[in-house]
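Here is the structure we will look at.
The values are calculated or read from the model by the stated rules, or taken from the named source; none is laboratory data. None of the values given here were measured: they were computed from a predicted structure. Methodologically, a virtual Cβ is constructed for each residue, glycine included, from the backbone with ideal geometry; neighbour enumeration extends over all protein chains shown.
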Amino acid sequence: MRYRKFGKLDVMVSALGFGAMRLPTDGNPHNILEEEAIKMIRTAIDEGVNYVDTAYPYHGGNSEILTGKALKDGYREKVYLATKSPTWLIHNPEDFDRLLEEQLNKLQTDYIDFYLLHSLSQETWENVILKHKILERAEAAKSSGKIKYLGFSFHDQAEAFTTILDGYDKWDFCQIQYNYMDIENQAGMKGLKHAAAKGIGVVIMEPLLGGRLANPPADIKEILNENPVKYAPSEWALQWLWNQTEVSLVLSGMSNMEQVQENITAASRSGVGLLGDEDLKMIDRIRDRYNERVAIPCTGCSYCMPCPNHVEIPRNFELYNGSVIHDDIKGARHVYHNFFEEANRAAACIQCRICEDKCPQSIPISEWMPKVHQMLG
Ligand code: SF4
Ligand code: SF4
């Protein structure tokens with residue numbers, strides 16, 4: 001295993017972290033196959049992984065319980081344990097303390113090494129964290145030894161990342177979605193460099209874009225096959241991240257033992273400078289090829305919002321484009337039906353065209369919405 005310095009902290013973390021959000025189940029995401037999952041986590045630790053990441057809502061609340069079990073028999077002492085405060089359940093300052101106690105109990109531990117405020121956005125930063133003075137609560141938890149390091153995970157636009165990162169001078173670390181397709185989405189490469197320049201450790205999540213970069217379409221595979229250096233598509237995505245000095249650790253949500261072994265092999269040969277100029281140019285070509293497949297030139301700027309009829313215009317377009325880019329209509333339909341409120345779906349568009357004048361890309365939004373719904377509905 002290779003180890004990397006974690007920002008300005010006196011901590012060395014394994015290049016690979018075990019993400020406990022896609023553990024093996026019996027088909028119901030709440031029912032983790034306990035024996036197999038524990039074996040996977042312990043195998044990873046035996047092979048040198050020293051960072052395990054879970055969160056309050058993963059697997060319907062069962063991931064923390066399973067992680068606590070996996071870290072018994074001496075494994076707790078071998079790892080840095082990370083979990084996250086479910087910020088959407090914080091309605092008053094006391095909720096933070098109550099949830100932390102609940103998590104310590106579920107994890108069967110006295111302390112969390114890396115504690116994150118989960119999924120911060122501009123909205124939660126202002127209306128939860130600042131409003132309820134949660135940073136003061138978190139500092140008290142640090143002083144009492146219940147948490148060692150405080151950070152946040154992030155899902156919003158780049159400007160919000162800067163606001164949150166610069167809005168508190170005691171962050172120890174942060175966690176961002178980043179992969180070779182997301183260099184300009186969310187925090188992006190700019191956010192990564194900004195955090196690293198401040199000495200803040202950066203944990204990477206979604207290195208494979210929800211698994212999509214592990215299964216590229218045929219034309220992308222062709223580019224990979226032409227390269228003299230051969231790795232599996234998933235490993236190219238991981239090595240691209242580990243090649244960057246600003247990246248502290250890459251989390252992978254592993255679902256079976258084969259993935260554990262593959263990721264450990266990849267992490268063991270990882271490092272800054274592993275990829276040469278030709279390799280990096282190839283990744284650029286792959287990104288360009290993916291982007292050529294974009295059907296709707298939506299940048300996600302949200303100038304068209306709010307829609308008077310509650311259609312979440314950029315989210316619908318992002319989902320549609322993602323499904324086309326990655327040949328994954330089935331996955332996109334699943335998201336459309338399970339993670340979009342009915343009122344926010346493309347189907348709710350009544351073609352009023354109020355949004356269209358506001359779109360700097362001049363996208364005929366009202367014409368696209370029925371097409372989006374036809375494919376995803
Ligand atoms: S055209 Fe559709 S998406 Fe645009 S504002 Fe009207 S209802 Fe909303
Ligand atoms: S204004 Fe246009 S480019 Fe911006 S999010 Fe809306 S549809 Fe996309």
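The table that follows gives values for the structure above.
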quantity: Top-ranked residue of the range 296-310 - restricted to ones that are modelled with pLDDT of 90 or more and more than 6 Å from ligand 2 (Cβ to nearest atom), ranked as nearest to residue 361 (Cα to Cα); calculated: 296
quantity: Residues satisfying the stated conditions in the range 162-181, i.e. surrounded by fewer than 21 Cβ atoms within 10 Å (Cβ to Cβ) and under 11 Å from the mean Cα position of the chain (by Cα); calculated: 177
quantity: Residues satisfying the stated conditions in the range 188-226, i.e. under 19 Å from residue 116 (Cα atoms) and within 11 Å of the chain's Cα centre (by Cα); calculated: 203, 204, 205, 206, 207
quantity: Only one of 329, 313, 365, 286 that is in contact (Cβ under 8 Å) with a residue 12 or more places away in the chain, buried (at least 16 other Cβ atoms within 10 Å of the Cβ) and more than 16 Å from ligand 2 (Cβ to nearest atom); calculated: 286
quantity: Residue, farthest from the chain's Cα centre (by Cα), within the range 293-308, restricted to residues that are within 13 Å of ligand 1 (Cβ to nearest atom) and loosely packed, with under 15 Cβ neighbours inside 10 Å; calculated: 308
quantity: Matching option when the condition is out of contact with any Asp or Glu (no Cβ under 7 Å at 6 or more places or on another chain), surrounded by fewer than 19 Cβ atoms within 10 Å (Cβ to Cβ) and farther than 18 Å from residue 191 by Cα, among 133, 84; calculated: 133
quantity: Criterion: within 15 Å of ligand 1 (Cβ to nearest atom) and of a type in the set (Ser, Thr, Tyr) - qualifying residue of 323, 366; calculated: 366
quantity: Search result, residues across the range 14-31 that are farther than 16 Å from residue 206 by Cβ and surrounded by 24 or more Cβ atoms within 10 Å (Cβ to Cβ); calculated: 14, 15, 23
